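The values are calculated or read from the model by the stated rules, or taken from the named source; none is laboratory data. Please read these numbers as outputs of a predicted model, since none were measured by experiment. No Cβ is skipped: glycine too gets one built from the backbone with ideal geometry, and neighbour counts run over all protein chains shown.
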Amino acid sequence: MKTSFFSGLVAICLASSFVGRAQADVDSTVLARYSYPIFALYGQQQFTGTAFFYRSGDTTFLVSNYHAIKGMSPLKQSITFNADTLYLKYPVKNSEETKLLSIDVSDDVTGETEIFSMVDRIDLLKIPLLLPEDAEVHFINDLIDPAYFDAVPEEVIVFGFPTQEGAVPAFYSRQQRLAGNVNLRGFADYDASLRVNFPNSSDSARAILGGTSRYYYFIKPYAAQGYSGAPVLGRFRTAEHQTVYRFVGVIFAGQPLTRQTWAIKGEVAWQYLKGML
């Protein structure tokens, strides 16, 4: 039976599409392993965030936003919650099971809670941690390559643990995938929104906020609460046309006026992780 050129082309396109989707699924499964849910309990409230692991020599660090661990918002410069214990949900080796690990984050261990603005420093905190022997975790070191810090990825992918509105069971978590792009006009869009929504804001005040571009950048779309502290992974294409994923930052907070998301720059986060910031 003869096959027309058109039908052959369609078959090739369909097959390529299927392979592309299958590869994307494999990539997502692998990359999702770098994000872990964390919880802080305060009164009747549960605060959920995302964390990742970084290794320096023989020391393992759990890393997330300062506000997700200590409860101090650098946006509002106020303390939202105060909890001495952080809970980490980790996967157990060679099983589908997860366990909870309680982590002492009291002032004696992590220092007195500081009040600071995002203008002055980044919203990150790393905690040295002894992992249980049965914990299966992946270290973000695998995806750090300084050669990609100044490059714009084709796509950014974030795996986090946003929670649904209303009451949720204790230590509830469901990982979700957020895909989007770096918004190169992010700060221009933010400045324009400030002019519209806060017409009395001064040029100097907006310039101060714009100056945070030395630490942060914007991605779209908007990331819901629960993504805070999640590593941002960029998809790049090598000179050999191979797809690679690299660490390009950490989610900080959603910006509701412009429906975009602040992220800490990958290079800045890496400097902090190395103890240089």
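A few notes on this one:
- The single residue among R174, R206, R214, R246 that is touching a Leu at 6+ places or on another chain (Cβ under 6 Å) and at pLDDT below 95 turns out to be R206.
- Residue check, D58 closer than 25 Å to V232 by Cα, charged (D, E, K, R), free of Cβ contacts under 8 Å to residues at least 60 places away in the same chain and loosely packed, with under 14 Cβ neighbours inside 10 Å: yes
- Residue that is nearest to Q175 (Cα to Cα) [pool: residues in the stretch 73-128 that are aliphatic (A, V, I, L, M) and in contact with a Pro (Cβ under 7 Å, 6 or more places away or on another chain)]: L101
- Some residue of the stretch 18-39 being at pLDDT below 55 and either within 14 Å of K126 (Cα to Cα) or assigned to a loop (DSSP other than H, G, I, E, B) (or both): no
- Counted as qualifying within the stretch 196-277 are the strands (runs of 3 or more DSSP E) with 1 or more residues that are farther than 18 Å from E154 by Cα and hydroxyl-bearing (S, T, Y), namely 216-220.
- Scan of the stretch 111-128 for residues that are in contact with a Ser or Thr (Cβ under 7 Å, 6 or more places away or on another chain) and modelled with pLDDT under 95, ordered by number: M118, V119
- Single residue of the stretch 138-161 satisfying the filter (buried (at least 19 other Cβ atoms within 10 Å of the Cβ) and not hydrophobic (A, V, I, L, M, F, W, C)) that is farthest from Q225 (Cα to Cα): Y148
- In the stretch 162-192, of all residues being among the small types (G, A, S) and crowded, with 16+ Cβ neighbours inside 10 Å, the one that is nearest to F53 (Cα to Cα) corresponds to S173.
- Failed condition for K70, given (1) under 22 Å from Y227 (Cβ atoms); (2) of a type in the set (D, E, K, R); (3) touching a residue at least 60 places away in the same chain (Cβ under 8 Å): (3)
- Qualifying residue in the stretch 92-102 (condition: within 25 Å of F247 (Cβ to Cβ), crowded, with 18+ Cβ neighbours inside 10 Å and either within 17 Å of the chain's Cα centre (by Cα) or among the aliphatic types (A, V, I, L, M) (or both)): no
- Boolean, Q176 is in contact with a Pro (Cβ under 8 Å, 6 or more places away or on another chain) and among the polar types (S, T, N, Q): yes
- Residues of the stretch 244-259 that are surrounded by fewer than 23 Cβ atoms within 10 Å (Cβ to Cβ) and touching a Pro at 6+ places or on another chain (Cβ under 7 Å): R259 alone.
- Test result for G186, farther than 25 Å from R214 by Cα and small (G, A, S): no
- Total residues in the stretch 156-171, condition part of a loop (DSSP other than H, G, I, E, B) and either without any contact (Cβ under 8 Å) to a residue 40 or more places away in the chain or under 14 Å from the mean Cα position of the chain (by Cα) (or both): 7
- Failed condition for P153, given (1) modelled with pLDDT under 95; (2) outside any helix (DSSP H, G or I): (1)
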